[in-house]
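The values are calculated or read from the model by the stated rules, or taken from the named source; none is laboratory data. This one's a predicted model, so the numbers in the text were calculated from it and none came from an experiment. With ideal geometry, Cβ positions are generated from the backbone for all residues, glycine too; neighbour counts draw on all protein chains shown.
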Amino acid sequence: MTKQTKSDKDYSIYFQPPSLKDAKKRGKEEVAVHYDFAIPQELQQFGAGKKYLIRTYGCQMNENDTETIKGLLEQMGYTETEEKTEADVILLNTCAIRENAEDKVFGELGHLKPLKTHNPNLVLGVCGCMSQEEAVVNRIMQKHAFVDLIFGTHNIHRLPQLLRDAAFGKEMVVEVWSKEGDIIENLPRKRAGMKAWVNIMYGCDKFCTYCIVPYTRGKERSRRPQDVLAEVRELARQGVQEVTLLGQNVNAYGKDFEDIDYTFGDLMDDIRKIDIPRVRFTTSHPRDFDDRLIEVLAKGGNLVEHIHLPVQSGSTEVLKLMSRKYSREQYLELVRKIKAAIPNAVLTTDIIVGFPNETDEQFEETLSLVREVGYDNAFTFIYSPRDGTPAAAMEDNVPAEVKKQRLQRLNEALMESSLAANLKLRGQVVEVLVEGESKTNANVLAGRTRTNKLVHFAGPKSLEGRMAYVRVTDAQTWTLKGELVEEPLQLSV
Ligand code: SAH
Ligand code: SF4
Ligand code: F3S
């Protein structure tokens, strides 16, 4: 291990920066699972009397990692604060998926700089997906040298030691592993509320040509089934109402096991038998969505009828350039099979507009696919070139104005299909997991249906964290309004 001194840029002492080239490699080595994680005795009181603040950007994977980071910090004696002026440690858990995600973090670093002048003992750290990028680490070292610590997505378990070194040393501590590490079980977690994330796998091997994730998260590694099942059982015992199984491509779960034949469908079939009211999963790549999974999901019960199935584009040619490895027709066939097996399935998706060379006709194909599938919701993005990905070498040749217009037209089509789907729910009774008071009106409760739709209704605060039954009285594009009813014999969604 090496260390970098801020003043003389002596890279020889404590400096392990990322390399996109190394991150691209996929080796055959076995991933070992470690069950013996513990914070060293001498660091267990390191944070006593001190406070931390974490800002989280990006996807659920980062939310999930933030819970682990909070767990580690609290086992070191730190307590959480929302107030940056009283924090002794501030960490930015960053996202690299699009340029604007990165801009937000650089902007925030600028805002935080004065705090370092007021409190020289403040440890300011950057972690998450941006830390895995060479260009980002170089930029932080050159332009934001007041940062004390950079660590990546593969060595979160090393935080106690890294924090100690950053707090004691005058140097910027940079430790980023470009090759994924082993799987570390039994890391502490700070979870809150009635919903929980459960990571079932790490990394991504799909290498869609626009995407940075395979480089920032390493190769696909599945957690052992018994570890996932034990975690879900424990959450059920604690009264958690909803778990979301996480992976960049959950359908690839188990493909890396050499000793057992156990797929995502098998895992869902086992989790189905655990007494927890709702089980979701995200994200599923259409390519590996097999019949076994459809058959298990059709059993229903705690497996909710909501499937997030990113399509990215409705044009087979664009899908080919994106290296998604399915065609428009194959995607539509999968949708047909899902709808046949699960008639009340709600589908949502991710779509990118303005990918290099996307023509007007190809964009029209995306619009027509959106209409044909009838999504209930979607995340839509303008293509953003990412350094080091194959698409970044293609000419980003769709004019910005055209990209914006396409995004707008796409969003209009999605609003139409979402409203149409919501209007069909009027008069029906839905099961709602109550999250709390509505953000805009304290007299109204807010919660989510099994299909993840937001519902507002009047009811007692005592329902918070519990299931309620609500008759839908009014439907808008993204939300439903309703009234509380008795538990019905049969539910719609
Ligand atoms: N593993 C998930 C996606 C994770 S990233 C999957 O494959 O479904 C979430 C979404 O961000 C992607 O589905 C894609 O729509 C979008 N995205 C990824 N890279 C992007 C880029 N370079 N520009 C614009 N959008 C991008
Ligand atoms: Fe990115 Fe594709 Fe992997 Fe999703 S499946 S994380 S879009 S490379
Ligand atoms: Fe962003 Fe990393 Fe997630 S790049 S979308 S935080 S996996």
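Under 6 Å by Cβ, and 6 or more places apart or on different chains, what pairs join a residue from segment 375-392 that is within 12 Å of ligand 3 (Cβ to nearest atom) with one that is of a type outside the set (K, R) and part of a helix (DSSP H, G or I)?
S384/E99; R386/A392
E180 is checked against (1) over 19 Å from Y52 (Cβ atoms); (2) outside any loop (DSSP other than H, G, I, E, B) and fails just one. What number does that condition carry?
Checking E180 against (1) over 19 Å from Y52 (Cβ atoms); (2) outside any loop (DSSP other than H, G, I, E, B), the one that fails is (2).
With the requirement that a residue be assigned to a loop (DSSP other than H, G, I, E, B), among the aromatic types (F, W, Y) and within 16 Å of ligand 1 (Cβ to nearest atom), what does segment 248-278 give you?
Hit for segment 248-278 is Y253, nothing else.
Identify all residues within segment 206-237 that are more than 20 Å from the chain's Cα centre (by Cα) and not in a loop (DSSP other than H, G, I, E, B); write none if there are none.
Across segment 206-237, the qualifying residues are P225, Q226, D227, L229, A230, R233, E234, A236, R237.
Out of the residues in segment 107-134 meeting the condition of being of a type in the set (G, A, S) and surrounded by fewer than 13 Cβ atoms within 10 Å (Cβ to Cβ), tell me which one is nearest to ligand 2 (Cβ to nearest atom).
Selected residue: G107.
Report the residue count in segment 425-448 for those that are without any contact (Cβ under 8 Å) to a residue 24 or more places away in the chain and not β-branched (V, I, T).
Counting residues in segment 425-448 that are without any contact (Cβ under 8 Å) to a residue 24 or more places away in the chain and not β-branched (V, I, T) gives 9.
With G218, G193, G181 as the choices, which residue is under 22 Å from E67 (Cα atoms) and within 16 Å of ligand 1 (Cβ to nearest atom)?
G218
Taking the residues in segment 279-321 that are at pLDDT below 95 and in a helix (DSSP H, G or I) as candidates, determine which candidate is farthest from N397 (Cα to Cα).
Going through the qualifying residues, I end up with D288.
Does segment 104-118 include one or more residues that are within 14 Å of ligand 1 (Cβ to nearest atom), in contact (Cβ under 8 Å) with a residue 12 or more places away in the chain and among the β-branched types (V, I, T)?
no
Being under 20 Å from D270 (Cα atoms) and in contact (Cβ under 8 Å) with a residue 40 or more places away in the chain is the requirement here; does P188 meet it?
Criteria not met by P188.
Would you pick out the residues in segment 303-332 that are in contact with a Lys or Arg (Cβ under 7 Å, 6 or more places away or on another chain) and within 16 Å of ligand 3 (Cβ to nearest atom)?
Result: Q312, single match.
Given the options G58, G77, G49, name the one that is part of a loop (DSSP other than H, G, I, E, B) and touching a strand residue (DSSP E or B) at 6+ places or on another chain (Cβ under 7 Å).
Exactly one residue qualifies, and that residue is G58.
Could you grab me the full set of residues in segment 121-134 that are out of contact with any strand residue (DSSP E or B) (no Cβ under 8 Å at 6 or more places or on another chain) and part of a helix (DSSP H, G or I)?
Q132, E134
V137 is checked against (1) in contact (Cβ under 8 Å) with a residue 60 or more places away in the chain; (2) part of a loop (DSSP other than H, G, I, E, B); (3) within 16 Å of ligand 3 (Cβ to nearest atom); (4) in contact with a helix residue (DSSP H, G or I) (Cβ under 9 Å, 6 or more places away or on another chain) and fails just one. What number does that condition carry?
(2) is the only condition that V137 fails.
Of the conditions (1) within 23 Å of Y52 (Cβ to Cβ); (2) within 16 Å of ligand 3 (Cβ to nearest atom), C204 clears all except one; give me its number.
(1)
Kindly establish whether M201 is within 16 Å of ligand 2 (Cβ to nearest atom) and either surrounded by fewer than 18 Cβ atoms within 10 Å (Cβ to Cβ) or closer than 22 Å to C95 by Cα (or both).
Against the criterion (within 16 Å of ligand 2 (Cβ to nearest atom) and either surrounded by fewer than 18 Cβ atoms within 10 Å (Cβ to Cβ) or closer than 22 Å to C95 by Cα (or both)), M201 qualifies.
Within 16 Å of ligand 2 (Cβ to nearest atom), of a type in the set (D, E) and either touching a strand residue (DSSP E or B) at 6+ places or on another chain (Cβ under 6 Å) or free of Cβ contacts under 8 Å to residues at least 40 places away in the same chain (or both): which single residue out of E175, E220 fits that description?
E220
Could you identify the single residue in K70, K104, K84, K51 that is under 27 Å from the mean Cα position of the chain (by Cα) and buried (at least 20 other Cβ atoms within 10 Å of the Cβ)?
Answer to the check: K70.
For I271, state whether it is more than 27 Å from S327 (Cβ to Cβ), touching a residue at least 40 places away in the same chain (Cβ under 8 Å) and buried (at least 17 other Cβ atoms within 10 Å of the Cβ).
Here the answer is yes, as I271 does meet what is asked.
Would you be able to say whether some residue in segment 386-403 is touching a Cys at 6+ places or on another chain (Cβ under 8 Å), charged (D, E, K, R) and closer than 30 Å to V136 by Cβ?
yes
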